[in-house]
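The values are calculated or read from the model by the stated rules, or taken from the named source; none is laboratory data. In this text the structure is predicted, and so the values were computed from the model without any measurement. Note that each Cβ is placed from the backbone with ideal geometry, even for glycine, and that neighbours are counted across all protein chains shown. Accessible surface is based on the protein model in full, side chains and every heavy atom, while ligands, DNA and RNA are left aside. Shrake-Rupley method; radii C 1.70, N 1.55, O 1.52, S 1.80 Å.
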Amino acid sequence: RSKATTIDSMGSGIEGDTSIERLSQTEDSFGESVPMMAIQHERPESLRYLLSLNDYYPIRVVLADTNNEGTTLLSAAVQLGHTELIDIILDYIYRAESESVVIEYFSRQDIRGRSVAHYLFNAPALITRVGRLLPWRQKDKNGQTPLFALCRSYDHGNYREMVEAGLVTATASQGDGQPLHLDDHIDSKGNTLLHIVN
C-alpha cells in the first residue's frame, strides 16, 4: 500500500509506480513502513541508512510513522528492548524543532491507549534518560499509567531498581515538589500502586 502520489504515478500509464519516492512511502498489510520493517526485523544498520535519506524520510514523516495498531517507531523498538534501535531513533527525533514536539511524540498512544512509557519495562535505562519528558499520568484503556506497567513487571530481573527509578522520575515530573500523587495512579478497577506492588 502506498502513501505517496508522485508525478510519475499520475502522469504515466504504467500501473505500479516504482520510483524511489513512491517505494519509500509504501506499507505492508500491517501498516508497517520500510523503517518499521527494519525495526521489527532488528536491523539497526538498515534503519540508520533509511533515516539518513532525509529527502525520503524527513522528520515529519518519521514522527508520524505508525503501524495499523498506532505503534510508533520508538515504541516498537522499546517493545523489542533493542538498545541500538532505540538509540538510533532517539538521536533522530531529537532533531525536532522543539522539545514540545518530542514530548508530544512520546505521548502518542496506540490502539490500547499505551504510549512508549507503558513499555519501559523492556528498556528501563530510558527511565532516567528521557523520564522527564514522558507522560507518567497518562492512562491506557484499562486506566493504567506507565508506573502501573512497571510495578506489574514482577519477574523483571531489576524489578526494584526499575520501580524505584520510575517512582522517583514520575514524582519529579509532577513539578510541584510534593510526594507522588497516588490518586493519579488508580486504574479503572480501583487498584492503586500499593495494591499492585503488594
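Miscellaneous remarks
- With all protein chains modelled, accessible area of Glu84 [1.4 Å, Å²]: 80 Å²
- Computed label-point distance, nm, for sites Arg129 and His181 using a 7 Å Cα→Cβ extension: 2.9 nm
- Counted residue by residue at 0.36 nm each, then reduced by the alpha carbon distance between them, the extension gain from Asn54 to Tyr154 reaches 31.8 nm.
- Highest-fluctuation residue, Ser153, Ser98, Ser46 considered, GNM on the chain with Cα pairs under 10 Å: Ser98
- The modelled label-to-label distance between Thr192 and Thr26, using points 7 Å beyond Cα along the C-beta direction, is 5.5 nm.
- Shape call, segment 39-106: gyration tensor on alpha carbons, a/c limit 1.5: rounded
- Note: relative contact order over segment 54-159, using C-alpha pairs below 8 Å and six or more positions apart, is 23 percent.
- Volume per residue of the convex hull around the Cα atoms, evaluated for the chain, comes out as 128 Å³.
- Three-way shape label, segment 138-178, alpha-carbon gyration tensor, a/c 1.5: oblate
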